[in-house]
Amino acid sequence: MNHAGVPRGYWAKPDRRPPAAPLSNGIGKIGLWLAMASVFLTPFNILRVDTFYFTASDAFALAAVFAMVLGKSLSPAPLAAGTLLWNTGVALLCGMLLLSSLINGDPQRGFIISAQYLYAYFLLAFMLASRPWSETVLLTKALICSIGLMCIHGIVVIDILKQQGTYLTSGNGRFIGWVERENECATLIALAVPLLLWLVASGGARPRWAWIGVPLFAYGIVLTGSNTGLIGLVVALTVFVAMTGSWRRIILLAVSSLGAFFVVVTWGRDFLPPIFQRRVLNALQSGDIDEAGTFADRMRLIREAITKADSSSLLGIGADQYRHFSELHAPVHNVYLLIWVEAGLLGLIGFLLMLVAGIIIGMLAARLRQGRISAICTLTTVLLFAALANALPHLYSRFFVVPLLLGIAPSVAILRGGPVPGAVAGFLRSARSTHGRLQLLQRGPN
């Protein structure tokens, strides 16, 4: 992206330029509703075509972007000051995946996987990260409601109907949800926790929703029997609360966490789902990490990938080729090593640049008045995403990317629009039009 003529101190100061003009009248409302539908359908991985990875959420997302183009509200820098670094990372990742596939791997898979990453991390950024504060809150609520419904559905299916081996549950009783994968379902739920905490802390939702939502999300992860999701939940709560700097909240979290741990270890077999007992509780009670799911097999894949990474300094073996070279015939569940082996070192650097861009956006927002909570949301989401990436393969699925972009969006809204009124919660509950919302936010508090 050409940044010629950028004023001095661009990286040091927040972007105070006003956001792009909102879509007028009907087009603006339609575009927002399309974006909300896309976000709400993000967990519905079951609603996709069979020929290639394209979901119902993707269809609404493309329609929302098209509406933004018609309304001439598509921002050239959707991630504000982090756009250049983010786009550089996307270009490196996609370019090296494609180049490695053309030379060493399967060109067809190279085009497909590169296009998936380009769509997820480049195009979706325009739809999600470049919106004003009020619309960011609405989109976040849409995702939180969707994941909450999925967790309630899991409770009904497993605890009440006692179903097993259906399209929502695996053969051994693990909840796979609408995501269709156990660990990925748990990861999505964990990524929603910082968004929920931000809604409450910023005034976008009442505090009672945190007391309802966090236990509901925690039990949803319990139903998946995922160690990855459970660790992600702990990381999300710990990082978010620690960054607030409130000793009262830190002590409350520590005491409640220790109490929950004691109850689970002591009496967990009396009330926890059997799959959680087998995959998680046994390891907690015995202290043997090898009993925690498929940890041993994953470590074998990681050690194998480390040896293969030495020969992938420039070009990798090509997109989606690791499973063919592995002795276990499976992709390594560590996206850093997987990208390094399949795309080369430059591809890995590109992925890391995107994470760094998210951190920079959060740090810039932290310097602004009333930007601290948004910065905490962004930094917690990016750090949680980076941590969970150590236990997952390729991360172009939209149920990974949408929570990441929504976690960055509050900081982008602060950098673009400046401080948000303290009465934003009451304002968001009003029935005014989208255009009226934007005018009120731009005027700021009296």
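Taken together, the values in this text are just the output of simple stated rules run on the coordinates, not laboratory data. This is a predicted model, so every value here is computed, not measured. Cβ coordinates were reconstructed from backbone atoms using ideal geometry, including for glycine residues, and neighbour counts include every protein chain displayed.
Near T169, the amide H atoms lying under 5 Å from its own belong to I176; only residues 5 or more places off or on other chains count, and H is placed 1.01 Å from N.
The convex hull around the C-alpha trace of segment 79-443, projected and averaged over every direction, spans 18.9 square nanometres. What fraction of the Cα pairs in segment 137-228, stated in percent, has a spacing above 24 angstrom? Percent of Cα pairs beyond 24 Å in segment 137-228: 20.
Looking at G203, P215, T166, which one has the Cα that reaches farthest to the positive end of the dipole of segment 128-229 (charges on Cβ: Lys, Arg +1; Asp, Glu -1)? Toward the positive end, the furthest listed residue is G203. Here the Karplus curve 6.51 cos²θ - 1.76 cosθ + 1.60, taken at θ = phi - 60°, turns the phi angles of segment 39-51 into couplings of 5, 4, 8, 3, x, 7, 5, 6, 8, 9, 7, 8, 6 Hz, with x standing for Gly and Pro. Potential lengthening of the chain between Y53 and F271 amounts to 74.7 nm, from the contour at 0.36 nm per residue minus the alpha-carbon distance.
The slack between Q108 and I302, meaning 0.36 nm per residue of separation minus the straight C-alpha distance, is 67.2 nm. Between the amide H of N45 and those of V179, distances stay under 5 Å, these residues lying 5 or more places away or on another chain, with hydrogens modeled in the peptide plane.
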